[in-house]
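In what follows, a structure is listed as structure tokens, so that the remarks can point back to it.
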Amino acid sequence: MIALADVNYFEPWWVQIVKSLAIFAVIFGILPVLIIYERKLLGRFQGRYGPNRVGPFGLMQPLAEIVKFAMKEPFRTTTSIGALYRLAPVVSIITAVGALAILPWGGVQHIFGQRVGLYGIDVSIGPLYVFALAGISFYGIMLGGWASGSKYSFLGAMRGAAQLISYEVSQGLAIVGVLISAQTLSLTGIVHAQGGMWYFIPQFAGFLVFLVASFAETNRAPFDLIEADAELVAGYFTEYGGTPFVAYLFAEYANMIVVSGMAVTIFFGGWLMPFGIHPPGWVDPFIVLAKLLIVFTFFIWIRATLPRLRYDQLMSFGWKILLPLATLNLLVTAIVVAT
């Protein structure tokens, strides 16, 4: 067999199965919570009511919408390509959940007499693993737009191709400075390397580039040109309804969790507390969750604040500002580390 990556800590097979099921259960459980959290917060930002009709304080609104979409009659246009039309949302979901598998929620802990790492798997090529899955998730958008048989969907998919490829370059370069400083590609190793200082401080420029590029990678405002409803009806998923539409929505929020978790892990010390505080090991996941929620809230804040860019502004900003800034940050970091 060909080894694709070294695993830093090997666990019994049954532990891997339990952790895989736990990842799916947590993500499926937390996504409706994040949806209602975003809508409530947007209501406060914009001076209006959020969801307040279904259930106490409107908290059952996501469940009502899931039931509504699940009961819708499935249909597709006569010009669509059936197999690829159904495959596209599945690709988006699998890649999003697959990237969640390497986010570290804590170190290795003793649970029921068994040493268990609080992550899906700790591979020696953590960031490369995430970017590989991000490259595959791109096909979920392209296939969805092309297989729908609609020119509006296809235009949205083509916008997605240009946008994701452009900003993925800057996003990747933004974290190379951290990798040089930590001297490892293991995400748990990067967390341990921040014991003295979180990389948010020395790599502030890299963090800004990573965060802005992440807005574009997750199709969030002000970079939601893929879903520009005033120009493209609804973008690449114009012809999708019912559960396939929910699948794309699920993938978008899962990708937001992935990039928020990556930002927490790479720049904010993961489960480490500031000022040398060492809480008990069982607190680690709650520390990561609190940091992740702060980054996720910033995503919502930006959506409520900034208007959508024009497409030419989107591309110019990515290639003429973000990419040179990420390259300059990489060069400065390499010189400092080398000298």
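Laboratory data are not the source of any read-out in this text; all were calculated from the coordinates shown. As the structure is a prediction and not an experimental result, all values here were calculated from the model. Cβ placement follows ideal geometry from the backbone for every residue including glycine, while neighbour counts extend to all protein chains displayed.
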Phi to ³J(HN,Hα) by Karplus 6.51 cos²θ - 1.76 cosθ + 1.60 over the stretch 177-190, Hz, x for Gly, Pro: x, 5, 5, 5, 5, 7, 6, 7, 9, 6, 5, 5, x, 5
Need one number for the chain: average projected area of the convex hull over its C-alpha atoms, nm². 19.8
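Return one quarter of the surface area of the convex hull spanned by the alpha-carbon atoms of the stretch 15-107, equal to its mean projected area, in nm². All intermediate terms of the calculation are to be shown ahead of the outcome.
Values: hull surface 38.7 nm².
Mean projected area of the Cα convex hull: 9.7 nm².
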With θ set to phi - 60° and the Karplus curve 6.51 cos²θ - 1.76 cosθ + 1.60, what are the ³J(HN,Hα) couplings of the stretch 78-89 in order, to the nearest whole Hz, using x for Gly and Pro? 5, 8, 7, 9, x, 5, 5, 4, 7, 6, 4, x
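Return 299, 75, 45, 237 ranked ascending by Cβ neighbour count within 10 Å, so the fewest neighbours appear first.
Values: 299 18, 75 10, 45 14, 237 27.
Ascending Cβ contact count within 10 Å gives the list 75, 45, 299, 237.
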For a quick check: with amide H placed at 1.01 Å from N, whose amide H comes under 5 Å from residue 109's, ignoring anything fewer than 5 positions away on the same chain? 116, 117, 118
How big is the gap, in Å, between the Cα center of the stretch 180-232 and the Cα center of the stretch 241-279? 11
Which residue fluctuates most in the GNM of the chain (Cα springs below 10 Å): 306, 118, 100? 306
Exposure proxy ranking, count of Cβ atoms within 10 Å, fewest first, for 256, 197, 315: 197, 315, 256
Rounding to the nearest 10 and keeping the result within 0 to 90°, find how far the Cα-based axis of helix 126-147 lies from the longest principal axis of the chain. 10
Ranked on Cβ counts within 10 Å of their own Cβ, fewest leading, 129, 139 go 139, 129
Between residue 18 and residue 304, how high is the FRET efficiency from 1/(1 + (r/R0)^6) when r is the Cβ-Cβ distance and R₀ = 51 Å? Nearest 0.05. 0.85
Between the helical axis of 13-45 and the dominant principal axis of the chain, each derived from Cα atoms, what acute angle in degrees is found, rounded to the nearest 10? 60
Calculated [θ] (222 nm, deg cm²/dmol) that DSSP helices of n ≥ 4 give over the chain, each run adding -39,500 (n - 2.57): -21000 deg cm²/dmol
Can you tell me the orientation of helix 323-338 relative to the chain, as the angle in degrees between its alpha-carbon axis and the longest Cα principal axis, to the nearest 10? 10
Choose one answer from 241, 269, 47: the residue with the largest mean-square fluctuation in a GNM of the chain with alpha-carbon springs under 10 Å. 47
